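Peer 1: Dropping the structure in here first, questions after.
The values are calculated or read from the model by the stated rules, or taken from the named source; none is laboratory data. Predicted, not measured: the structure shown is a model, and the values here were computed from it. Here the Cβ is made from the backbone with ideal geometry for all residues, glycine too, and neighbour counts use every protein chain on show. Heads up: the accessible areas ignore ligands, DNA and RNA and are worked out on the full protein's heavy atoms, side chains in. Shrake-Rupley method; radii C 1.70, N 1.55, O 1.52, S 1.80 Å.
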Amino acid sequence: MSYDGSKFYGMQKQPDKITVQGSIENALKRLNINSDVLHAGRTDRGVHALNQVVSFKLPSFWNQNKLLTELNKILHPNIHIKKFYNVNDDFNPRFDAKKRSYRYILNPNFNPFSANYTTYYPHKINISLLKKALKEFEGIHDFEYFAKTGSDVNNYIREIYKTDVYKYKNFTVIKIVGNGFLRAQIRLIVDFVLKINENKLTVQDLQKQLSKQELISKHLAPPNGLYLDRIWY
């Protein structure tokens, strides 16, 4: 499924907040389906998804094509379910995922109509420098200094398989693929490498922070340019 993150307080259900998970569960209840909804990734408030994966238990009397139509009527226009798959009862969209990719979109021209969907970034971009900086993150690392404080995890070890930066029309797109990501990890990485692009920090600073020698910068890039791109199983 895909969704417009600017309309929600994140993926995960919260009391008295409009969230993606809560919206799907409410839509299911309207169709007399009482099931918890599990999700593959807890995107923050304002973060979008192109291919988020969720799971729930479906009563046998529902025709899947009809349910897809009915759910999308209720969830329209901010959430769109693309396709259903049958999975085993023990399937978990979060823990069974093999790898995930995120994209971060930078826009050199401010436009109020795209402000919720790209991050305005008026600085000149050095693609080769950004690629060099992002390359440092590839491989297995302890990302404690690139995780939001208060992350509820047992360890901070993650593997990043691939990073890239490329131009698409007027936009600059940062892509990161890994086996899993910590809370706000992508936004912390993006902010750091953009500071390198602006000559406020160096690749050596990044190496020091990544190896946990020194905590140099821990700021979040805005959420509106970030998209959960794809999940592999």
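Peer 1: Could you tell me how many of the residues in segment 3-17 are of a type outside the set (Lys, Arg) and open to solvent by 30 Å² or more (accessible area, probe 1.4 Å)?
Peer 2: Of the residues in segment 3-17, 6 are of a type outside the set (Lys, Arg) and open to solvent by 30 Å² or more (accessible area, probe 1.4 Å).
Peer 1: Here's a check for you: in segment 35-62, which residue that is assigned to a loop (DSSP other than H, G, I, E, B) and in contact with a Phe, Trp or Tyr (Cβ under 6 Å, 6 or more places away or on another chain) is surrounded by the most Cβ atoms within 10 Å (Cβ to Cβ)?
Peer 2: Of everything passing the filter in segment 35-62, Val37 is surrounded by the most Cβ atoms within 10 Å (Cβ to Cβ).
Peer 1: Let me ask something additional. Being over 18 Å from the mean Cα position of the chain (by Cα) and open to solvent by 50 Å² or more (accessible area, probe 1.4 Å) narrows it down to one of Asn109, Asn179, Asn116, so name that one.
Peer 2: Checking each option against the conditions leaves just Asn109.
Peer 1: Quick one: is Asn92 of a type outside the set (D, E, K, R) and exposed (fewer than 11 other Cβ atoms within 10 Å of the Cβ)?
Peer 2: So Asn92 does not fit the description; no.
Peer 1: Please determine, by comparing only the residues of segment 200-228 that are among the charged types (D, E, K, R) and touching a helix residue (DSSP H, G or I) at 6+ places or on another chain (Cβ under 7 Å), which one is nearest to Glu136 (Cα to Cα).
Peer 2: Lys212
Peer 1: Can you work out which of the residues in segment 18-34 that are assigned to a loop (DSSP other than H, G, I, E, B) and within 19 Å of the chain's Cα centre (by Cα) is surrounded by the most Cβ atoms within 10 Å (Cβ to Cβ)?
Peer 2: In this case the residue turns out to be Thr19.
Peer 1: Return the residues of segment 201-222 that are over 28 Å from Asn116 (Cβ atoms) and among the hydroxyl-bearing types (Ser, Thr, Tyr); say none if nothing qualifies.
Peer 2: Within segment 201-222, Thr202, Ser211 qualify.
Peer 1: Of the residues that sit in segment 188-233 and are β-branched (Val, Ile, Thr) and farther than 14 Å from Lys148 by Cβ, which one is surrounded by the most Cβ atoms within 10 Å (Cβ to Cβ)?
Peer 2: Among residues in segment 188-233 that are β-branched (Val, Ile, Thr) and farther than 14 Å from Lys148 by Cβ, the one surrounded by the most Cβ atoms within 10 Å (Cβ to Cβ) is Val193.
Peer 1: Can you tell me which residue is least open to solvent (accessible area, probe 1.4 Å) among those in segment 130-148 that are free of Cβ contacts under 8 Å to residues at least 40 places away in the same chain and out of contact with any Asp or Glu (no Cβ under 8 Å at 6 or more places or on another chain)?
Peer 2: Glu138
Peer 1: Among all residue pairs at least 6 apart or on different chains, which show Cβ distances below 7 Å where the first residue, located in segment 191-215, is of a type in the set (A, V, I, L, M) and at pLDDT 95 or above and the second is part of a loop (DSSP other than H, G, I, E, B) and open to solvent by 40 Å² or more (accessible area, probe 1.4 Å)?
Peer 2: Ile196/Thr202; Leu201/Ile216; Val203/Glu136; Leu206/Glu136; Leu210/Glu136
Peer 1: Examine segment 90-107 for a residue that is over 25 Å from Arg158 (Cβ atoms), at pLDDT below 95 and not hydroxyl-bearing (Ser, Thr, Tyr), and state whether such a residue exists.
Peer 2: no
Peer 1: Checking the structure you have, find out if any residue of segment 87-97 is touching a Pro at 6+ places or on another chain (Cβ under 9 Å), within 23 Å of Leu220 (Cβ to Cβ) and aliphatic (A, V, I, L, M).
Peer 2: Within segment 87-97, not a single residue is touching a Pro at 6+ places or on another chain (Cβ under 9 Å), within 23 Å of Leu220 (Cβ to Cβ) and aliphatic (A, V, I, L, M).
Peer 1: Using beta carbons and a limit of 7 Å, which pairs, at least six apart or on different chains, have the first residue in segment 36-50 and over 14 Å from Tyr227 (Cα atoms) and the second one of a type in the set (Lys, Arg) and in a loop (DSSP other than H, G, I, E, B)?
Peer 2: From residues that are over 14 Å from Tyr227 (Cα atoms), the pairs are Leu38/Arg94; His39/Arg94.
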